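Comments concern the structure below.
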Amino acid sequence: MNTITITCDPLVDAHVHLRTGPLLRTVAPETARYSDMALVMPNIAPPVRTVDDAKRYELDIKGVIRAASEAMDATFRPWFALQLCADTTPQVIKEAAADDSPVLAVKYYPPNVTHGKSDVRDLQDMRPTLSAMEALEVPLCLHAEVPGEDPLRAEAAFIPTINWLVQTFPRLRIVVEHVTSRAMIEAIKGWPKHVGATITAHHLFLTFADVMGARLHPHHFCKPIPKTPDDLIALREAALEASPKFFYGSDSAPHLNAAKRSAEAPPGVYTAPVAPMLLVDLFFHAGKPDAFRRFTRMNACTFYNLDETPAFKLTATCDLTAQEPPTISQKEDPHWFFAGKPMRWQVTRTTL
Ligand code: DOR
Ligand code: ZN
């Protein structure tokens, strides 16, 4: 058999939704299988708003992963983002910045743009908290969409808000999460070097037509909504260049099939089980192994000041002789991104 085999470091997933309860049990091991660190998003109910909330959530996550696999438990380090709420005081930021805190960042969701609740309509109301974040070097992760805007323009419409943040808090570290548009990518390149962005795996493969083409595809529906072919090209160029400003955050966001296939499907694409294969395919076929490492690991470690020593290795294989690549098989609910589609690469973990 003529196969290519590549050994690489695990991914650092700088943006993931692990949920709670039974869904947490299903999805968390899929992230821990391929990542040794992840930044876990706070939009559970109720949201993660204090360091104590994050520590409790950490215990739940570690317990679930330990029950699934002791090997994965030994290699997986979850970090947390607190949700920016009206009562996120400078004191909360001080606790988040403490040495023993598992909190790496604070996440802002404008109200009514995506899954979950938010009670901060205007970032201008949060000046003391944002000043504390700037002083204590706690990054602000942004869901960058303007509520009520046309969903195809909502991200670009948020650029003036980030301009205001950059001018008002010149040292505030900012991550624009899950970028989807050429306009935002260009804007990020123009801001100082402590303003970076995450890019998901699914946004590197989808356009608006994949969400609403001849048929409606609820499993491709996410926020921000995938955009035009030109925006997709800009995203791929940014990922494949992998300058220090751009890094991988899966935004793997599972919802049970019953909800996704209902009349009001929530946004979110569940990519954790397949994202490594998709990324290996994209980067290695583009001849960019170094960019793969920067995009999926190094850039996030540098931005968040994390120890980059890998806790295990991944082995990726591709069968060159296969007439037709095998298709990705779906396990249980929730539906996996790319399920039923051909995938040339397989990725497995190897203990160091
Ligand atoms: O598609 C999305 N799903 N985008 C988000 O911002 C939130 C996420 C979720 O939590 O389901
Ligand atoms: Zn998200």
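Which of the aspartates and glutamates could be linked to residue 55 by a straight reach, that is with a Cα gap under 15 Å, when you skip same-chain ones fewer than 8 residues away?
Those aspartates and glutamates meeting the cut-off are 95, 99, 100.
Evaluate the charge dipole of region 1-129 about its Cα centre and quote only its size in Debye, nearest 20, assuming +1 on the Cβ of each Lys and Arg and -1 on the Cβ of each Asp and Glu.
Its charge dipole is roughly 280 debye.
With unit charges on the beta carbons (Lys and Arg positive, Asp and Glu negative) and the dipole taken about the Cα centre of region 11-311, which residue among 280, 175, 305 sits farthest to the positive side?
280
Using amide H atoms built 1.01 Å from N in the peptide plane, name the residues 5+ places from residue 12, or on other chains, whose amide H lies under 5 Å from its own.
Those qualifying (amide H under 5 Å, at least 5 residues apart or on another chain) are 297.
Which cross-chain or sequence-distant (5 or more) residues have an amide H under 5 Å from the amide H of residue 118, H modelled 1.01 Å from N in plane?
Close amide H contacts, sequence-distant or interchain: 112.
Counting just the Cα atoms, what span does region 239-318 cover along each of its three principal axes? Round to the nearest Å and put the largest first.
43, 33, 25
Considering only C-alpha atoms, what is the centroid distance from region 1-51 to region 303-324, in Å?
Region 1-51 and region 303-324 have Cα centres spaced 15 Å from each other.
How large is the helix-only mean residue ellipticity at 222 nm for the chain, computed as the sum of -39500 (n - 2.57) over DSSP H runs with n ≥ 4, divided by its residue count, in deg cm²/dmol to the nearest 500?
Theoretical 222 nm ellipticity from helices: -9500 deg cm²/dmol.
At 0.36 nm per residue, and after removing the present C-alpha to C-alpha distance, how many nm does the segment from residue 233 to residue 112 gain when stretched out fully?
Working: separation 121, 0.36 × 121 = 43.56 nm, distance 2.84 nm.
Here the segment from residue 233 to residue 112 would lengthen by 40.7 nm.
Give me the distance between the Cα centres of region 182-254 and region 128-174, rounded to whole Å.
18 Å
Beta carbons within 10 angstrom, averaged per residue: use that to sort the peptides 249-255, 82-88, 65-71, highest first.
Listed from highest to lowest mean packing, they are 249-255, 82-88, 65-71.
What list of ³J(HN,Hα) values in whole Hz, one per residue of region 94-106 in order, does the Karplus curve 6.51 cos²θ - 1.76 cosθ + 1.60 (θ = phi - 60°) give from phi, with Gly and Pro shown as x?
4, 5, 5, 7, 4, 4, 8, 7, x, 8, 9, 7, 10
Which lysines have a Cα less than 25 Å from the Cα of residue 288, not counting those fewer than 8 places away in the same chain?
By straight Cα distance, residue 288 reaches 189, 193, 227, 245, 313, 341.
For region 11-311, state what percent of all Cα-Cα pairs lands in each successive 10 Å bin, counting from 0 Å until the bin that includes the largest distance.
6, 29, 39, 22, 3, 0
Can you tell me the equivalent ellipsoid semi-axes for region 172-304? Use √(5λ) from the Cα gyration tensor, largest first, whole Å.
Those come to 25, 16, 14 Å.
Read-outs: derived from the displayed coordinates by stated rules, not from any lab. All of these numbers come straight from a predicted model, not from anything done at the bench. In this analysis, Cβ positions are derived from the backbone assuming ideal geometry, glycine residues included, and neighbour counts consider all displayed protein chains.
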